[in-house]
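The values are calculated or read from the model by the stated rules, or taken from the named source; none is laboratory data. Computed from a predicted model, the values in this text were never measured in an experiment. Reconstructed Cβ throughout: ideal geometry from the backbone, glycine too, with neighbour counts over all protein chains shown. Ligands, DNA and RNA are excluded from the accessible area calculation, which covers all protein heavy atoms including side chains. Shrake-Rupley method; radii C 1.70, N 1.55, O 1.52, S 1.80 Å.
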Amino acid sequence: MRQRRLFRRFAAMTLALSIVLTACTDGDGDGDDAAAAAPGAAEGSTEPSEPEETTAPEPSEAPIDGPVVVGLTDFAFVDLPAAVPSGTRFTVENLSEREVHEFVAIKLPDDEQRPVGEIVALPADEFRDFFRMARVVLVQAPGSDEIIRSMATGRVTEAGRYMVICTVPTGVDPDEYIEATRRTQGKPNVEGGPPHYENGMWGEFEVTEG
C-alpha cells in the first residue's frame, strides 16, 4: 500500500512538472500566451468528478513574432497584410531591378471613410495634409540590402486604418535619390516622373488593438 501511494505521488509530481515546462516553453515569457490547464479526475478516485466547462481560447492580439516583410515592385506592394496587431514591425524588400521604392504607412483619421484610391487622387495640396500622419517610412534602392528608415522603429502602434503609398518619382536615379534621402529630414527634392502612387502603388491595412 505504501509503495502504491509513493507511486501515485511520483506520477502526480511528474505530471505537474510537465505542465509547468510546457507553459514556460510555449509562451514568449511575458505571460500573454499562457493558458490555464483544466484539472481532470484524480487517479484512483472512487467518485467521478464533474467536468468543468471550457471555452475556446481567444485569438491572440500580440504583436507578430518578427517583422512583416512587404515586397516592393513596379508598381505594387507584395504580401501586404489586411490587418496586423498593434506593435507589429514592418520591413521591406525591393524586388525591382531599376526603381527606388518606399513604404510609407499613414494613419488615416478615424472618421475618414473614403477608399485609398480616392484619397490618392485628391489635389496635391489636399493629399499632402495626410503626410503629417505618417508612422512608418522605409526606403530601399534596387539591388541593395540597405533599408533607410526615416522613422526609427518601423512599428505601428495606433489602432485604425492605414494608407500605404510610395511617393518616389518614377524613373529617378537611384543613387541620387538615396543620397538625397540621407541628407534631408523631409521629402528629397529630386526630379523625376510622376510619383509611384499615381502608377497604382498604394494600398491599405488595419491595425487592431494589441
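What the table below lists for this structure:
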| read-out | value |
| --- | --- |
| Whichever residue in segment 188-210 is within 25 Å of V156 (Cα to Cα) and modelled with pLDDT under 95 and, among such residues, is most open to solvent (accessible area, probe 1.4 Å) | E209 |
| Leading residue by the ranking (surrounded by the most Cβ atoms within 10 Å (Cβ to Cβ)) among those in segment 138-153 that are under 17 Å from R98 (Cα atoms) and small (G, A, S) | A141 |
| Selection status of E179, buried (at least 16 other Cβ atoms within 10 Å of the Cβ) and either under 17 Å from G71 (Cβ atoms) or more than 18 Å from the chain's Cα centre (by Cα) (or both) | no |
| All positions within segment 73-95 that are farther than 16 Å from I165 by Cβ, touching a Leu at 6+ places or on another chain (Cβ under 8 Å) and open to solvent by less than 50 Å² (accessible area, probe 1.4 Å) | T91 |
| Test: residue in segment 154-173 that is open to solvent by 40 Å² or more (accessible area, probe 1.4 Å) and in a strand (DSSP E or B) | yes |
| Unmet criterion (only one of (1) touching a helix residue (DSSP H, G or I) at 6+ places or on another chain (Cβ under 7 Å); (2) free of Cβ contacts under 8 Å to residues at least 24 places away in the same chain; (3) closer than 26 Å to R89 by Cβ; (4) not polar (S, T, N, Q)) for K107 | (2) |
| Complete set of residues in segment 101-119 that are open to solvent by less than 20 Å² (accessible area, probe 1.4 Å) and out of contact with any Cys (no Cβ under 9 Å at 6 or more places or on another chain) | A105, I106, K107, L108, V116, I119 |
| Where a residue in segment 128-157 is within 14 Å of K187 (Cα to Cα) and in contact (Cβ under 8 Å) with a residue 40 or more places away in the chain and its partner, wherever it lies, is surrounded by 13 or more Cβ atoms within 10 Å (Cβ to Cβ) and of a type in the set (S, T, N, Q), with Cβ under 6 Å and at least six apart | V139/T181 |
| Matching strands (runs of 3 or more DSSP E) fully within segment 72-112 where at least 3 residues are of a type in the set (A, V, I, L, M) and at pLDDT 95 or above | 101-107 |
